[in-house]
Structures are given as structure tokens and as C-alpha cells.
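Notes follow the structure.
The values are calculated or read from the model by the stated rules, or taken from the named source; none is laboratory data. Note that the coordinates shown come from a computational prediction; the quantities given were computed from them, not determined experimentally. Glycine also receives a Cβ, built like all others from the backbone with ideal geometry; neighbour counts cover every protein chain displayed. For accessibility, only protein heavy atoms count, side chains too; no ligands or nucleic acids. Shrake-Rupley method; radii C 1.70, N 1.55, O 1.52, S 1.80 Å.
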Amino acid sequence: MEADILSGRGLLWLAWDGRAIQAAATTVLINSEIGKVCVITACGGTGMKRWLPLLNGIESYARDEGCTRVRIYGRKGWLRVLDGYRAKHVIMDKEIAVSQVG
């Protein structure tokens, strides 16, 4: 994320209340088999009810950039607060022990 933002491939979005940063999000645009997609790669902060409506600004940016959708990789709990988003896939990880040779 840091490299994407510093190189200009990604954007850093801040929710500022005039005194302090309340939340931050990062996005990157990708070309996929379904068209251009704006991926929210990270998002977090305090006082979500105040800044969650700012997601509309990211969606407008994505539309203006020719994206066909906004994609979020995150916890399922986000679905409770994100209007219009739905789970399309589940990403599963299994931790495995690193082989120690020698």
C-alpha cells in the first residue's frame, strides 16, 4: 500500500474533523476481466457513523475513473454497514508450518 501511494498508483483518503484524522482508507485501480475496478485495500478509524458516508466520494471517484465496481477485501462484518455491497466470494487462508531443513 505504501509503495502504491508513494508512486501515485494508489490513493490515501482521510476523514478529517478539523483537528485530527478520524479515519483513513487506501484505494488502487486495477484492470480485471470484468473491467476496471477500484479496490479499497484498507480502511479504518474511529466514529464510523460520522465518516462511513464518505465512501460515496470514493464511489464517485471510481465512477469518474471508468470503474465498473468498487471492491473491498475485508471482514464479513462490513456487510452490516455497507449499503449495496454483497459478498461475492470468500477468501480462506490456512496457516502452514514453514519447513525447516537442516
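Here the convex hull built on the C-alpha positions of the chain has a volume of 184 cubic angstrom per residue.
Around the Cα centre of the chain, unit charges on the Cβ atoms of Lys, Arg, Asp and Glu (plus for the first two, minus for the last two) sum to a dipole of about 400 debye. Anyone know which of Arg80, Arg19, Arg69 comes out most mobile in the 10 Å Cα GNM of the chain? For the chain, modelled as a Gaussian network with Cα springs under 10 Å, the answer is Arg19.
Atom-type composition of the exposed protein surface of the chain places 54 percent of the accessible area on carbon and sulfur (1.4 angstrom probe).
When the Gaussian network model of the chain links Cα atoms closer than 10 Å, the mean-square fluctuations of Val39, Val28, Val81 top out at Val81. Counted without the sites themselves, the longest stretch of the chain free of GluC sites (Glu not before Pro) in a DSSP loop having at most 10 other beta carbon atoms within 10 Å is 34-94.
Neighbours of Gly57, meaning other residues whose beta-carbon lies under 13 angstrom from its beta-carbon, give a summed charge of -2 when Lys and Arg score +1 and Asp and Glu score -1.
Accessible surface for the chain, divided over its residues, is 79 Å² per residue with a 1.4 Å probe. Have a look at Ala23, Ala87, Ala15 and tell me which one the Gaussian network model of the chain (Cα, springs below 10 Å) gives the largest fluctuation. Among Ala23, Ala87, Ala15, the largest GNM mean-square fluctuation belongs to Ala87.
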